[in-house]
Structure formats: C-alpha cells, structure tokens
Amino acid sequence: MRLVTYRTDSQEPDIRRTHGGGARAGVVVDGDRTIVDLQAAYRLRHGQPSPHLDSVLAIIEGGDAALDQARALVEDRAVDASVRVDLAAVRLLAPVPQPPQMRDFLCFEKHLVQAFESVRTMRAQRAPDPAAALAAIAASGKPAAPAIWYERPIFYHPSRFAVCGPETDVVWPAYSDAMDFELEFGCYIGTPGKDITRENARQHIFGYTIFNDFSARDEQTLDMAGQLGPGKGKDFDNAN
C-alpha cells in the first residue's frame, strides 16, 4: 500500500497541528489517481472513527492491526466514491509530517568519496588560483574519508520540524551561496528496538519513502570544522 498524508485545501500546513487542521491519512489507488480517505471509509463502514487511522503515524504505531484495517477498507467494495478524493485535487504532505525522531546515515562509500571531492573543489574555489589550490589540496590527501566511517554507522539528527512534502518550496537560506540536494531512501521504523542485529533489521522497517536532503554546503563546511555536526548547513526551513 502507498500511504499518504494530504490536505484538501491549499493553505500552508502548520506543523504544530499536523494531526488536525485538515491533515488526513489515505491510500493511493486507481493507478495513482485516487486517494481512499481511511478514516472517512472506516466511519462509513462502522459508524465511528478508528484511533488507528487518525494519521499515518498512528497506523505505523498501530502495527499489523492498523494495517489490516487499512487494507480491508481499500478492498471493501461497500466503500463508495464518497470517501475517495482525486489525487490531483489535494496537496500531499510528507507521509509523516512531524516524525518523532529522525536519523540520516551516510551509508554508501562512493557518495562519501564524491562528497569529499566536492569539498576540496569548494575550498579551492575560494583561493586566488583555484586550479593550483585544488592540486595542493589533492596532494595533501585531505579532506578524505575518515577511518571511523568504515568501523561504525555514522549519522546526524535532521530537524524533524523542517520536514515538508512534495512540490513544496524550499527557501534558499540567506546565509548560503552553495545549495545542494541529495536523493535518498527513507525508512520508517515501525517496531521499536535497541542494538538490533543486521539479521533482524528488516523486520523493524515499516515502510519506505523517497527522501530529499537539502544542504547549504558552504555553511556546512564551516560548521563541520567545529566537530559538532552540520549545524545550519542542514537545519533550515523545509530542508527535509
């Protein structure tokens, strides 16, 4: 199932009222043309709302019981057009507009190597002779992928208050001249756990989404020198 959170009006969503104020949980059907409003469908079928269907987050936290409810409603022929909405007529938010927690991992070696190549180029461009500066930086071997990356999973905490949905504007921060974005996998964790083994990891994943990670690269380069993470290089409105 493709779960979505949507609004039926064009108003900018207020993150403080994610689970109210018009935000609805639904399932996309009919070849990505229609959304089944899950709570409306449940109310039509049972005469009362379901706490499992208040939001996509509620479905995740509800586990198999919530998913079974959602599947049954999508497959129920008695659920009529009154609880279906045209996808083109609504505004999609992020599936979970305000996640309880976020972690962004750096998992692919090629990406890491290319990132450090970009950092070298960016630093060299600030010099009077960029070509000579780049050659000198490359000869020094720095910056380079740190040994610790090969020993443990490296991550930072994105701002869960800076999450937005598709087709939403990301305003260029006034302090940056070098904006960048990265296409990433997003995994929603449904089953809690701690010190999870590699072999058992997949059973904790509820589902997947497409994640677009925006960065103010020039600011990030400066912030990272402080050894406390990317700072304002990653933390600005709608950056996630």
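With a cap of 12 neighbouring Cβ atoms within 10 Å, and only residues DSSP puts in a loop, list the chymotrypsin sites (Phe, Trp or Tyr not before Pro) found in the stretch 83-170.
PHE108
Could you give the radius of gyration (one decimal) and Dmax (whole number) of the Cα atoms in the stretch 132-240, in Å?
Cα-based Rg and Dmax for the stretch 132-240 come out at 17.1, 52 Å.
For the chain, compute the orientation-averaged projected area of the C-alpha convex hull (one quarter of its surface), in nm².
16.1 nm²
For the chain, what does the helix formula give at 222 nm: sum of -39500 (n - 2.57) over DSSP H segments with n ≥ 4, over the residue count, nearest 500 deg cm²/dmol?
Helices in the chain give a 222 nm mean residue ellipticity of -8500 deg cm²/dmol.
Scan the chain and hand back the longest stretch that contains none of the trypsin sites (Lys or Arg not before Pro) lying in DSSP loops with at most 10 other Cβ atoms within 10 Å.
Formally, the longest exposed-site-free interval is 1-76.
Principal axis lengths of the stretch 29-120 from Cα atoms, whole Å, largest first?
61, 28, 20
Any read-out appearing in this document is the output of simple, stated calculations on the displayed coordinates, not a laboratory observation. Nothing here was measured: the structure is a model prediction, and the numbers come from that model. Counting neighbours? That spans all protein chains shown, and the Cβs are built from the backbone with ideal geometry, glycine included.
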